[in-house]
Amino acid sequence: MVLTSFSTMRPSTSPRRSRKRMTESARRMVEKVAAFAIWLRDRLTSKIAVISIIALLAAGDLSAQQPPSATLNESPDKRWSFSAAASIYVLPDMEYVQPTIIANRNWLHLEARYNYESLDTGSAWFGVNFAGGKTVEWEFIPLLGGVFGDTTGVAPGFKGSLAWWKLEFYTENEYVADTSNHSDSFFYDWSEFSLTPADRLRFGLVTQRTRAYASDRDIQRGLLAGVSFKRMNVTSYFFNPDTDKPSFVFAAELKF
């Protein structure tokens, strides 16, 4: 009975068929792995492309928001600085406004004025900035300008200042060579000597020689008082206080 039972028992599959099935299973697994690898590659490629585009757009946006590195690294003495000033003249028989705009960059000085040398007259100036000193600080700006309007001509001149402790002397001078009538050529002067007892206050003396308006005095003398607020300076001038026809000048300057 034992022999009979062993003789009647048969394996479920033959070795050849089993190896064939294992080969087919391995092939299907390899195909699935290859398909998954292709799918994963496509997905990663698309994501990398999207991320790259976003990164490029972000970089472009940041570069547009930030100034060029040359501007960031530019030293302060190579940048432009500007000031705009207006002086209101209150005279016994008239009033007028005298504006001035100044631009500086390192050694370069540019300036434009109106109603300065004469009423209804403008002038444009080119100059060179010089400065130095520690205990005694000084500035000197030689100028060359062209005058046009009711008065026409060429005007060499200069600006200068000396400062020590709380004292300062400032002057601006020019000679207007009138090209239409040489006899109308004129030397102009504005000078101040002031004391600054506090950081924002100053008081002092002022003189001027001008042909912008008529005056009984060739050289007018007066007092000044000024106050500063951050980038703004405001100064009042009182000319000829010892006469019955004094003059007033109210000046404001904004630096930026």
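Observations
- Among (1) modelled with pLDDT of 95 or more; (2) within 19 Å of N115 (Cβ to Cβ), the one test that K166 misses: (2)
- Selection count where residues are among the small types (G, A, S), out of contact with any Phe, Trp or Tyr (no Cβ under 7 Å at 6 or more places or on another chain) and modelled with pLDDT of 95 or more, scope region 213-231: 2
- All strands (runs of 3 or more DSSP E) inside region 93-162 with 3 or more residues being within 15 Å of R211 (Cα to Cα) and small (G, A, S): none
- Residue match in region 226-241 (condition: in the same structural domain as F130 (by TED's automatic domain parsing), in contact (Cβ under 8 Å) with a residue 40 or more places away in the chain and closer than 20 Å to M94 by Cα): no
- Qualifying residue in region 138-147 (condition: more than 20 Å from S185 (Cα to Cα), free of Cβ contacts under 8 Å to residues at least 24 places away in the same chain and either not assigned by TED's automatic domain parsing to the domain that holds F187 or not hydroxyl-bearing (S, T, Y) (or both)): yes
The values are calculated or read from the model by the stated rules, or taken from the named source; none is laboratory data. Just so it is clear, the model here is predicted, and its values are computed rather than measured. Ideal geometry is used to build each Cβ from the backbone, glycine not excepted, and the neighbour counts take in all protein chains shown.
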